[in-house]
Ligand code: G4P
């Protein structure tokens, strides 16, 4: 294949976690190893500490200046690593779900004290939908955490994935002595440092070696021997194909803030994590090694600086080679466009690039051509599939407060929903505009941005819906009748697809039972 060498040295992944588990800290350590940054503290957290719009806006403004933090590209041991950032706040979970469609694997950070948390569960569900390979990093071993065996059991049960320990922690909290690498058969004693050197490890190929007792003390040495025997008995060698198909997740223990246990994980990651994978489209499977370029937009970043209102569309290259200034086919718009300033995201600075290969993420200047999910090709008509929209959790009617600015409001809401900030539903008959979001914070952001960027004042009126379901049917008449009959609860989404807005689970179940010829779908993926 033409670009084999380039494509096979790429690994594109995301770090996911419940807020505060240590995603930002781990990201920073990985960048340190990659030489992409020189000092700790260089990566700013994208955390929204207070539940405040101003806080979010400030973060977005900073990101606008340095959108580079959305994708971090660095090299480690001849591997080109694309690390995609995901927002930590749960109100922006949709953004994270979409980012997960653009990666080939993930590293899941779990806080050893808190174990599996709400966001961990949701994010893993998305990974499971796509059989995304997962590596687990159990963080904060320097704190008094849960018993390690209990923790593994909890993760396996709650996240419905088999775990395979690659390292094993000797105690936790104040007693934390270090990690034993089950695979390499060496011991790394715990030290708080900003870098880890190869020679910090002590080779202990045979656990009966008295050196182990000398290093960690008799009691802990004995415990480690017992633990390892138990683990080896259960797990044996890691089965890499099982990892690649998302069935088994290798597990590492460590402390991100102390840069401990991170290198073990990174070294394994570059060995086993998948190179760019083939992808399904509406027509056929696209193989990464095809000569022809194809890619899709998974994220749109608005520049919140009113002087520069351009947007940046993040495109994942799925096959072949993308080139600057070459015309590509925008499938949805059926038009050819070219990009004179595509960006790459080498560590904290945006660089204009000449080309990019499958696995890479390219930033494209956008003046309004792109929607989330748009596909670019060299002429062929297909869409990449597997970029679902899930039902929002809160629904509100958009109320125009200034009739003189109706046009601005329409334009604003259309553009913001293209960016994926929220979902827009238009009620049948009544033509009410209903905005659906995952969290309250998004409504505040929309209101703020509509006013700041489009000069349109709006307010929101709560609506009694709890879920949106996308409808399909082989019997168009039955579907039309249903929509007419249930006018108050019927709407179309942005692409004109019919949606049923249910007030409660009871109503939804009743409609599902009463309308066997209509299919109710929980994501927009059906179209
Ligand atoms: P997030 O991106 O997943 O939200 O988490 P982040 O890395 O920001 O980490 C959350 C907090 O946990 C931070 O403390 C961070 O320093 C701390 N932390 C990360 N890794 C470890 C670890 O291995 N051990 C311990 N004990 N703490 C860890 P913070 O007080 O919220 O922020 P900061 O002011 O210290 O930066």
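What to note about this one:
- Residues 294, 340, 105, ranked from the fewest to the most other C-beta atoms within 10 Å, line up as 340, 105, 294.
- Difference of contour (0.36 nm per residue) and Cα-Cα distance, residue 393 to residue 128: 93.3 nm
- Distance between the 7 Å Cα→Cβ label points at residue 407 and residue 271: 6.4 nm.
- Potential extension, residue 218-residue 150 segment - 0.36 nm per residue separation minus Cα distance: 22.1 nm
- Here each label is just a point 7 Å from Cα along the line to Cβ, and for residue 525 and residue 289 those points are 2.8 nm apart.
- Inverse mean reciprocal Cα-Cα distance (Kirkwood Rh) of the chain, Å: 24.8 Å
- Whole-angstrom Cα spans of the range 326-394 along principal axes, big to small: 38, 31, 24
- Estimated FRET transfer efficiency (residue 230, residue 77; beta-carbon r; R0 35 Å; 0.05): 0.60
- Modelled FRET efficiency - R0 30 Å, residue 325 with residue 495, Cβ distances, 0.05 increments: 0.45
- Per-pair calculated FRET efficiency, R0 = 35 Å: residue 121 and residue 335 via Cβ, rounded to 0.05: 0.25
- Protection proxy ranking of 277-283, 77-83, by the mean of other Cβ atoms within 10 Å over each peptide's residues and highest first, is 77-83, 277-283.
- For the range 89-130, a Kirkwood radius taken over Cα pairs fed into Stokes-Einstein (20 °C, viscosity 1.002 mPa s) yields D = 194 µm²/s.
- In degrees, nearest ten, helix 118-129 long axis to first principal axis of the chain (Cα): 80 degrees
- Zero-based 10 Å bins, Cα pair distances in the range 199-357, whole percents: 8, 22, 25, 17, 14, 11, 4, 0
- For the chain, the longest principal axis of the C-alpha atoms and the axis of helix 262-272 are separated by about 70°.
- Peptide packing for 90-103, 438-451, 252-265 was compared via the average number of neighbouring C-beta atoms within 10 Å per residue; ordered from the highest value, the list is 252-265, 90-103, 438-451.
- Per residue Cα convex hull volume in Å³ - calculated over the range 431-527: 115 Å³
- Packing-based exposure ordering (other Cβ within 10 Å, fewest first) of 512, 518: 512, 518
- Note on the range 370-457: the alpha carbon radius of gyration divided by the globular reference 2.2 N^0.38 Å gives 1.23.
- Placing a pseudo-label 7 Å from each Cα along the Cα-to-Cβ vector at residue 278 and residue 514 gives an inter-label distance of 4.6 nm.
- Spin-label zone in the range 495-519 - amide nitrogen under 18 Å from a point set 7 Å from the Cα of residue 476 along the C-beta vector: 496-499, 517-519
- Of the residues 32, 108, the one with the fewest other Cβ atoms within 10 Å heads the list, and the complete ranking is 32, 108.
- Acute angle (nearest 10 degrees) that the helix 476-485 long axis makes with the longest principal axis of the chain, alpha-carbon atoms: 80 degrees
- Semi-axes of the equivalent ellipsoid for the range 130-287, Cα gyration tensor, largest first, Å: 31, 17, 15
Bear in mind that the values in this text are calculations on the coordinates, not laboratory data. These numbers were taken from a predicted model, which means no experiment stands behind them. Note that we place each Cβ from the backbone using ideal geometry, even for glycine, and neighbour counts take in every protein chain shown.
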